[in-house]
Amino acid sequence: MLQQQDSIAAGQTAASVTADSVVQRPVRPQTPYQVLRMLPRDATPAQQDSAVQAWFQPGEIHYSDRPDTLHLPGHDAGRNLKDVSLPQYYRESFFTKDSLLHPELTGGRFGVAGDPVPYTVRGDDAITCMLLFCFVLALTAFAYSRQAILHQLKDFFYVPRSDKSTSTGTEGKFRFQLFLSIQTCLLLAITSYFYITHYVADTFLIDAPYKLIGIFFGVFISYFVGKAILYKAVNLVFFESKKSEHWTWTFAFITALEGVVLFPAVILQVYFSLPMQNVVYYVIFILILTKILTFYKCWIIFFRQIGVFLQIFLYLCALEIIPLLSLGGILALITNQLKVNF
């Protein structure tokens, strides 16, 4: 029985036996692969390592100390990049700022980027800040003008026996009505934005939604200020100054209450996904109720003693209906100019 050895001496002739013939191998193998082919199939790793070391002896590596002359024909040899006298364009290359060449630089994210989260109004910080501002404004106005609010609510449906009993406002009541009127304009602007993005278009030339809300807010501010100036000018011409002043405070009070009752609908639509159709019905109901209250107070203040009932319709059509239709036309014009038509 043949006994396997752990090492194979150099200079020995090896043969590879196959099923058909015997192939004579060269005495001097050129690669470690040829050495391993000379060994039997059941050779152990120690025998394979011993055979490779027997045929190949690693020698000492001697690196060349001659300068590198590899450069473009007709050009001088390259210079060392550590030379401080080199210009900046010579030092930099296409891969100078590559993250693979500089591990200290950030290479960006790994993998494939996912789909972006779709935009929602409830996740918009600007809309949230607006609604939070309205809520704080309403609470602050009610806390500091609670007596004025309750007094004006009590006198709202009161029919005075004479013109001398009409009450005027105070400074605290004025601040309350001014702040809540601003809130009304803001809530109407947000509601208009919801309606337009749901029924008209959802893509505009303006990238941020709060910019469009800001434009609508400016339109509503101009609408209420212009209507107040128009009321003041007409009332001073046809009625007494005291009645005109009483109507100014009444008009501001109705405008302030309009914003208070609009706030729950906006909150429900933004954070609780109230159907837009229900919001539209609610806003229409509030507008009709507001016009009815305006009609009632206008009759109580100006036309109760006159007896010509037709004049109140002319008065309200000129100062309520026509400005309201003009407001709708301006909002529609702005929307058509800013929306993207595909």
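The residue that is farthest from ILE330 (Cα to Cα), counting only those in the stretch 177-200 that are in contact with a helix residue (DSSP H, G or I) (Cβ under 7 Å, 6 or more places away or on another chain) and aliphatic (A, V, I, L, M), is LEU180.
Considering only residues in the stretch 313-342 that are outside any helix (DSSP H, G or I) and modelled with pLDDT of 80 or more, the one that is farthest from LYS242 (Cα to Cα) turns out to be VAL340. Here ILE61 clears all of (1) modelled with pLDDT of 65 or more; (2) in contact with a strand residue (DSSP E or B) (Cβ under 9 Å, 6 or more places away or on another chain) except the condition numbered (2). Every listed requirement among (1) over 40 Å from the mean Cα position of the chain (by Cα); (2) in a loop (DSSP other than H, G, I, E, B); (3) within 30 Å of LEU262 (Cα to Cα); (4) at pLDDT 75 or above is met by THR168 save one, (4).
Here is the figure for the stretch 178-193: residues that are open to solvent by less than 30 Å² (accessible area, probe 1.4 Å) and more than 21 Å from ASN341 (Cβ to Cβ) total 11.
A residue that is more than 16 Å from the chain's Cα centre (by Cα), more than 30 Å from HIS151 (Cβ to Cβ) and open to solvent by less than 50 Å² (accessible area, probe 1.4 Å) occurs somewhere in the stretch 198-210. Going through (1) at pLDDT 90 or above; (2) open to solvent by less than 70 Å² (accessible area, probe 1.4 Å); (3) of a type outside the set (A, V, I, L, M) one by one, TYR231 falls short only on (1). Tell me yes or no: at least one residue of the stretch 299-312 is assigned to a helix (DSSP H, G or I), buried (at least 17 other Cβ atoms within 10 Å of the Cβ) and not hydrophobic (A, V, I, L, M, F, W, C). No, the stretch 299-312 contains no residue that is assigned to a helix (DSSP H, G or I), buried (at least 17 other Cβ atoms within 10 Å of the Cβ) and not hydrophobic (A, V, I, L, M, F, W, C).
The values are calculated or read from the model by the stated rules, or taken from the named source; none is laboratory data. In this text, all values refer to a predicted model and were calculated from it rather than measured experimentally. Reconstructed Cβ throughout: ideal geometry from the backbone, glycine too, with neighbour counts over all protein chains shown. Accessible surface is based on the protein model in full, side chains and every heavy atom, while ligands, DNA and RNA are left aside. Shrake-Rupley method; radii C 1.70, N 1.55, O 1.52, S 1.80 Å.
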